[in-house]
Each structure stands twice: as structure tokens, then as C-alpha cells.
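In what follows, a structure is listed as C-alpha cells, so that the remarks can point back to it.
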Amino acid sequence: MKSLFEAYDLRGRRLGNRIVMAPMTRARARDGVADLQTALYYRQRAGAGLVVSEGTPISQEGTGFAFIPGIWSKAQVSGWDGVTRAVHAQGGTIFAQIWHVGRMSHTSLQPGGGQPVSAGAIPARDDKSMAFAFGEDGTAGFVEASVPRPLRAEEIARVVDDFANAAANAVEAGFDGVEIHGANGYLLEQFLNPHVNDRTDRYGAGNVEDRTRFVLEIVDAVVARIGADRVGIRFSPFGKLFDMPHYPQIEETYLHLAAALQARGLAYVHLMDQGNAAAPAMSEAFLRKFRRAYTGTLILAGSMDKGRAERLLGDDLIDLAGFGQPFIANPDLVERLRRDLPLAKPVRETYYGGGAEGYTDYPAYEDGPEARVA
Ligand SMILES: Cc1cc2nc3c(=O)[nH]c(=O)nc-3n(C[C@H](O)[C@H](O)[C@H](O)COP(=O)(O)O)c2cc1C
């Protein structure tokens, strides 16, 4: 019987357990560079078998939120170096989630105040589709995402290259690998979804080969730069976040990707379920089909708990279990799950922005009484 708490071999890297800290944006980098506070936050959570960093933008163009630590400049690489050293000093393993938000941005965040880029020119317009950017008076806050412009064919090669450069930077910064962000309505998913991708060229003429071409070109470029054993990718099939309507070919699209990725021998595929425990976005039948098409390391995140993780492991549907919000308030989550200790509840108001409060001040269980109850 597989256990959540046993070691796992991730393409030659020994993970201490099968628990993954899911990527979580915390928006505390005032100047876009990870700092000592960031390093402390990840060091506290290094007991996860695998830590995936918050989304780190590959370029200014790929940025959709203010105060996010990027990974394109020398200063950013050196900031992340402090984070990876802190995690490694605890015996942990950490991948960088490399990210381009596409249309989920705002002109105030773009180079030269230009339009954000996407597969097409269709803006995200539901009530959640906000960028965290700068208003006319220069103060930061949530603003409607700007109308994007379609990437020109020759620019696509440049964005693919930006991903490869970011991956090389991540390795230089000491990360054990990268997770390409293909989930949650950002640029890669904007190419996958035919309601958003209305291109008529080889990146979007309606068929699955064309809609997935951009994603696979990114994977191939990143693999060529740092090696398949250091590359993971994240998807959120059946997610609707940021105005991504469902389409009839969702299953076909992700099963096509599963087969294509199987052939590429990546470190892992990370699926995120955007639903909740009572109403998952992905059916278990879909998960089974994905698992059949992709037999490499598979992570699932989204409303995970110990019981569900153990059941999915026992059914051989997943290899590693991803936890997001529980890691915010429980830096020692692995220990708490192992010993069935109570979990502290995270405070939503301090998820994004600010300083140490709600970031690095959640105690480990042994350190004192449960201070925080939401
Ligand atoms: C504060 C916060 C920030 C997040 N940032 C990211 C991110 O940068 N990249 C990403 O792929 N998912 C992000 N997510 C989604 C999480 O990785 C995770 O999949 C989600 O929270 C569901 O898991 P949970 O129910 O265990 O929290 C974020 C979630 C939260 C709560």
C-alpha cells in the first residue's frame, strides 16, 4: 500500500514524501525580486516532498500582477538563489513555476504601456477577470484586464524563447526544475481554448493539433534547454477561471496533450481541479482516462485532504498529492497530516500583498498554541 509519507523518486531526485506544495502567488515582492522574507516563507515549508514556487513571470510582458517576483533579470535570478538555498538547506526540492499571463494583464504593467498579448483579441470579461495593476493615480489595485492583441506568428517564437530563457535562469538560480504554467486561464490555456483562440493560422485553426502547438513548442524548447527530467507542466482541465468557457473538445484536447507529453518523458504533469471537494471540475472518469494516456508522474491538486490523497494513491490514479491553502497556515503541513494533528485555517485577507503578517508568522504546531482561527 502506497503511503503519502514515503519517499518518492522523481526522475532521480529523492522526494522525502508524496506531498507537493502547490504554486501560490503571494504578491509580496515590492520590486519584483524574491528576498529574504520569500526565502524564509519557503524554508518554513520545505518539508513538502516537492515545493512548487509561486508563479514567476518570464518577462515584463508576461506579468499580470504587481509585486510578483519575476525570473528574467539578473537581480531576480539572484533573489531566487537565496530561496533555493534556503529550501535545499532543509533537504527540500523546489521547482519554479514559470508563467505568462497573456491577456490577464493591464497596460500599466506592460512594456511601454502597450496592450497585453494573447492568442486573439478577445478580452476576459467576467467579474473575476481582474489584473492587480496601477490606476491612473499610480496606486495599485484590481482593475479590469485590458483588451489584448493577438501575438504575431514571429512573436510566438520569441515568447517560446522567453520560456526557455526563464527555465535556464531557474536552473542558474538553483531550482531543481521548472513547472510550465499551462493552467488557470493564462496564456497557454488561451491558445488551447477555441472560444479564446480564434486564430486561423497553424496555432489555432480549430483543430487540436493547431491549438496545442504553442504549448508543445514551449515544452520542447524548455526541454531542449534544461532536460526533460527537470520539466513539469500544470493544466486545469474543465476550469473556467478568467472567462474560459467550456468547449466540446476539452477531453480530446487534454488527452491529446497527455499522449504528446507521455512521449516527451517529462518530470511530471500537475493537474489542478478548480472545483471543490463537493463539486469537482474534473470527473474521476476523466482522471482515469488521463492516467491511462499519461503514465509518468501525475500530481493532482485542489481541495485535497489526507483521506482523498490516500484513496487516489491506493487506486493508482495519482503519484503525488498537491496542497495549496493548507500550506499557507500550516508550514509544517506534512508533520500535521502524518500525526493527524489539527490544521490551522489561513486568513484570506492576507493571501496577497503586505508583509510578514499571514505570510511567515504562522507557527509550526510544536511552536505554540493554535494562534489563528479564521
Ligand atoms: C493565494 C493563492 C495563490 C495561488 N497562486 C497560484 C499560482 O501562482 N499558480 C498556480 O498555478 N496556481 C495558483 N493557485 C492555485 C493553487 O496552486 C491550488 O491549485 C489551489 O489553491 C487549490 O488547492 P487547495 O484547495 O489545496 O488550495 C493559487 C491559490 C491561492 C489560494
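Each value in this text was obtained by applying a stated rule to the coordinates, not by laboratory testing. Just so we're clear, the structure is a prediction, and the values are computed from it rather than from any experiment. Quick reminder, even Gly has a Cβ in these numbers, built from the backbone with ideal geometry, and neighbours come from all protein chains shown.
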For the pair Glu251/Ala168, report the inter-label distance in nm, with labels modelled 7 Å from Cα in the Cβ direction.
4.2
Excluding residues on the same chain fewer than 8 positions from Lys345, give the aspartates and glutamates whose Cα lies under 12 Å from its Cα.
Glu370
Quick calc, Ala121 & Ala153: beta-carbon distance into FRET formula, R0 22 Å, rounding 0.05, result 0.90
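When Lys306, Lys74 are ordered from fewest to most other Cβ atoms inside 10 Å of their Cβ, what list results?
Lys74, Lys306
Could you tally the net charge around Met104, taking each other residue with its Cβ under 13 Å from the Cβ of Met104, Lys/Arg +1 and Asp/Glu -1?
Once all neighbours under 13 Å are counted, the net charge is -2.
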With only Lys, Arg, Asp and Glu charged, each at its Cβ (+1 for the first two, -1 for the last two), find how big the charge dipole of the chain is about the Cα centre; round to the nearest 20 debye.
600
Over the range 221-374, what is the relative contact order in whole percent, taking alpha-carbon pairs under 8 Å and six or more residues apart?
17
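What is the gain in length, in nm to one decimal, between Met1 and His88 on full extension, counting 0.36 nm per residue of separation less the C-alpha to C-alpha distance?
Gain on extension, Met1 to His88, equals 28.4 nm.
If we count other beta carbons within 10 Å of each Cβ, what is the order of Arg291, Arg234, Arg264, fewest first?
Arg264, Arg291, Arg234
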So, over other residues within a Cβ distance under 11 Å of Asp210, counting Lys, Arg +1 and Asp, Glu -1, the net charge is +2
Is the C-alpha gyration tensor of the range 30-177 telling us rounded, prolate or oblate? Criteria: a/c under 1.5 is rounded; beyond that, a/b larger than b/c is prolate, otherwise oblate.
prolate
Difference of contour (0.36 nm per residue) and Cα-Cα distance, Asp361 to Lys74:
100.4 nm
Most exposed to least, judged by fewest other Cβ atoms within 10 Å, Thr295, Thr107 sort to Thr295, Thr107
Could you work out the relative contact order of the chain, using alpha carbon pairs under 8 angstrom and six or more residues apart, expressed as a whole percent?
16
Using all Cα-Cα distances in the chain, what percent lands in each 20 angstrom bin from 0 up to the longest?
30, 62, 8
Antiparallel bridge percentage (DSSP; both residues within the chain; nearest 5)
20
Computed [θ] at 222 nm, deg cm²/dmol, the chain (DSSP H ≥ 4; -39,500 (n - 2.57); rounded to nearest 500)
-9000 deg cm²/dmol
